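S.K.: Can you keep this structure in mind? I'll have questions shortly.
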Amino acid sequence: MTATVEAPHAVWLKPRPLARCPSSFMMLPLLPSEPASKPLPPEVWSDILAHVFAFYRPRGEFADADAARLRMGLLLISKEIHGVAQPLFYAHIHVSSMRGLEKLATHLHKADQQWDSIRRIPYSAPGRWIQTVDMSALKYGTPEHVFWFDALLYQLLALVPFMAHLIASPRCAFSRRSLFSLADREGAGNLRTLKGVQLKTDWRADEDAFVALLRACPRLEELEVYGTGVDAPEVMAGEGAQDPPLDFRPLHLPRLRRLVVLTMPTSPTLRALLFSPLPALRHLTLTPYDEQSVSASLIPRFITTHGALLTSLHMHNLNQWPLSHCPSPRDLLETCPALHHLSLELPLPDLKLSKEHQLEILSVAHPKPEFLILLERLLPKLPKLRFVRVRDVKWLRGGMSTRAQHAGVQGEMQLWKRKLNRRRIQMLDAEWKTGAE
């Protein structure tokens, strides 16, 4: 009886292929065959693709169009990966033009219209996948874009219930309708980051739409707002900080840890933050406005009220017209005893200090000879100071002549470096570099 053995993937050896009855021998593997690899679970693919999408965000070597093309290519690898990559593709949205904002709002609106109520998830896709909307590169082209932007933003904000990070552009102001839409939408309490919002500088104490938005965001962790400066005469002559009205209800922001308020000496938002507890606030950035230059300024009182727990305080002026160079308060170190990093703006204040402070990093805009004299007088009371940084100046590159390295601002920095090195304090430039020895 003859038995037939079928081996489709076997290798047959024929030592005498020309013989009348050639024989064949099957080659047997010496090692066992490798088992078939198991497919990766979707959770692992999600982690892998999350790192790839983060690398393909528009920054540095990737322009906006190139990043979008690379991110879109990840959706076309296979049908299995498409289902995992699609939520990650929409998780972080970068909008750089009005046309791109219009396409995004139209796409989300059409998807929401096709979403039926039979599904288990009440929110439509891809709107529910969006976690970050970055519009920092957006700007108006014509005056008509103001109304166009407001209509698109009003349509968009209602379709992103799980948006946690909104980065706006200071060049594109939000209308009252957009702010109320952001506050009244489902999931407003999920917002954790709000940056780049432009508000009008106003000394009146009436609550506005942005204060109502802050009341709807108890999980907010980072807030960045821009004012319109002090160009208005009523701001210059307005009333300063007063006690809150009897019917004032403090804001509930227990997680707010980083606050940036630029070119805004006073506003209803700043007044509401002044009279509200901010227990988690550790990083504060302000444009200095003293009460002698701007009588309605709330900045000195704000620092005094919330400075006890600050670890980082930055005084910063924007390069915009009209220029404002108001002095910073002299008692910054005394009102902020927990500071680790203090950054000062021009004109540099005549700081006073009555006891030892735990300051570690001191930044100044430009090195001034008179401030170096003041700093040497304060150094015995700053035992933990390790770095002094010049924020707006960089060291000359290597190869420059000795004369060039000791002229002008560079010469002043070299003088600061020699004197500070004697106390084991490093002198840093704008790039946090110590310079050539």
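The values are calculated or read from the model by the stated rules, or taken from the named source; none is laboratory data. From a predicted model like this one, the values you see are computed outputs, not experimental measurements. Quick reminder, even Gly has a Cβ in these numbers, built from the backbone with ideal geometry, and neighbours come from all protein chains shown. Remember, those area values only see protein heavy atoms, side chains included, never the ligands or the DNA or RNA. Shrake-Rupley method; radii C 1.70, N 1.55, O 1.52, S 1.80 Å.
The rows are residues; the columns are (1) over 25 Å from T285 (Cα atoms); (2) at pLDDT 90 or above.
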{"position": "A151", "(1), (2)": "yes, yes"}
{"position": "L159", "(1), (2)": "yes, yes"}
{"position": "I167", "(1), (2)": "no, yes"}
{"position": "A173", "(1), (2)": "no, no"}
{"position": "E186", "(1), (2)": "yes, no"}
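S.K.: Taking the options E370, E376, E334, E356, name whichever one is closer than 17 Å to K419 by Cα, of a type in the set (D, E) and open to solvent by 70 Å² or more (accessible area, probe 1.4 Å).
M.R.: E370
S.K.: Now a separate question. Could you name every one of the helices (runs of 4 or more DSSP H) located completely within region 279-379 that has at least 3 residues being basic (K, R)?
M.R.: none
Table: residues versus (1) modelled with pLDDT under 75; (2) open to solvent by less than 50 Å² (accessible area, probe 1.4 Å); (3) not in a loop (DSSP other than H, G, I, E, B).
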position	(1), (2), (3)
P32	no, no, no
P39	no, no, no
E43	no, no, yes
D47	no, no, yes
P58	yes, yes, no
E61	yes, no, no
A65	yes, no, yes
L70	no, yes, yes
G73	no, yes, yes
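S.K.: Could I ask something else about it? Can you find a residue in region 280-299 that is touching a Pro at 6+ places or on another chain (Cβ under 7 Å), among the polar types (S, T, N, Q), open to solvent by less than 30 Å² (accessible area, probe 1.4 Å) and more than 24 Å from P245 (Cα to Cα)?
M.R.: Scanning region 280-299 turns up no residue that is touching a Pro at 6+ places or on another chain (Cβ under 7 Å), among the polar types (S, T, N, Q), open to solvent by less than 30 Å² (accessible area, probe 1.4 Å) and more than 24 Å from P245 (Cα to Cα).
S.K.: Also, quick follow-up: Out of all the residues in region 210-224, which are closer than 14 Å to R271 by Cα and of a type in the set (G, A, S)?
M.R.: Residue satisfying the conditions is A212 alone.
S.K.: Condition (residue is surrounded by 15 or more Cβ atoms within 10 Å (Cβ to Cβ) and among the β-branched types (V, I, T)) applied to region 77-91: is it met by at least one residue?
M.R.: Yes: one or more hits.
S.K.: While we're on this one: Say whether the condition of being touching a residue at least 24 places away in the same chain (Cβ under 8 Å), of a type in the set (F, W, Y) and touching a Gly at 6+ places or on another chain (Cβ under 7 Å) is met by at least one residue in region 374-395.
M.R.: The answer is yes, given that some residue of region 374-395 is touching a residue at least 24 places away in the same chain (Cβ under 8 Å), of a type in the set (F, W, Y) and touching a Gly at 6+ places or on another chain (Cβ under 7 Å).
S.K.: Step by step: first the residues of region 168-194, then only those that are under 13 Å from F149 (Cα atoms) and among the polar types (S, T, N, Q), then the one that is surrounded by the fewest Cβ atoms within 10 Å (Cβ to Cβ). Which residue is that?
M.R.: So, considering only residues that are under 13 Å from F149 (Cα atoms) and among the polar types (S, T, N, Q), the one surrounded by the fewest Cβ atoms within 10 Å (Cβ to Cβ) is S175.
S.K.: Now a separate question. Give the residues of region 338-353 that are open to solvent by 50 Å² or more (accessible area, probe 1.4 Å) and either basic (K, R) or modelled with pLDDT under 95 (or both), sorted by residue number.
M.R.: P347, D350, K352
S.K.: Quick check on H306: is it in contact (Cβ under 8 Å) with a residue 24 or more places away in the chain, within 26 Å of Q414 (Cα to Cα) and in contact with a strand residue (DSSP E or B) (Cβ under 9 Å, 6 or more places away or on another chain)?
M.R.: So H306 does not fit the description; no.
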